[in-house]
1. What's the extension gain from residue 126 to residue 15 if we count 0.36 nm per residue and subtract their Cα-Cα distance?
2. For the chain, what does the helix formula give at 222 nm: sum of -39500 (n - 2.57) over DSSP H segments with n ≥ 4, over the residue count, nearest 500 deg cm²/dmol?
3. Which one, 66, 94, 104, has the greatest fluctuation when you compute a Gaussian network model over the chain with C-alpha springs under 10 angstrom?
4. Would you look at the GNM of the chain, springs on alpha carbons closer than 10 Å, and say which of 64, 106, 46 moves the most?
5. Please state the relative contact order of the chain as a whole percent: Cα pairs under 8 Å, 6+ residues apart?
6. What ranking, highest mean first, results for peptides 76-83, 53-60 when packing means the other Cβ atoms within 10 Å averaged over each residue?
7. Calculate the tail of P(r) for the chain: the fraction of all Cα-Cα distances greater than 21 Å, expressed in %.
8. I want to check the label-to-label distance for residue 82 and residue 61. Put each point 7 Å from Cα in the C-beta direction and report it in nm to one decimal.
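Only the coordinates and a few stated rules stand behind these numbers; no lab work does. This one's a predicted model, so the numbers in the text were calculated from it and none came from an experiment. Cβ placement follows ideal geometry from the backbone for every residue including glycine, while neighbour counts extend to all protein chains displayed.
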């Protein structure tokens, strides 16, 4: 009987861990989706859609720069979203959620004179429950 109780407790802890991990992954998936939507918008010369992936308080700052990028073909090759570790969140009291994204891109692959393969890092921020890029991909710092 005691072993059954212990197994039940371990099973409950494991289930809670799985649920916690799934909830934590939603923010990272949201950031990844934002990177892909931004790249798609730039490729399709859609200024409004590209700006929609940038934090609302930064859109006016970056509008002209994003406009200059429109029409470049951004192919996302890889995305890494950074979040504080569980230990760091517990011991240093750092808030959870992503804080930065790195994207590996191919830009203008079909145009040999303009083709390059940058890796870009951008901070991310949450506003009203949604995650945004703090600046456009490839923006100068």
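1. Working: separation 111, 0.36 × 111 = 39.96 nm, distance 2.76 nm.
That works out to 37.2 nm of additional length.
2. Values: 4 runs with 65 residues, N = 141.
My calculation for the chain gives -15500 deg cm²/dmol from helical runs alone.
3. 94
4. Residue with maximal mean-square fluctuation among 64, 106, 46: 64.
5. Values: 209 pairs, mean separation 32.4, N = 141.
After rounding, I find 23 percent.
6. Working: 76-83: 15.2, 53-60: 17.1.
The densest-packed peptide leads the list: 53-60, 76-83.
7. Details: 5010 of 9870 pairs.
Summing the P(r) tail past 21 Å for the chain gives 51 percent.
8. Result: 1.8 nm between the two label points.
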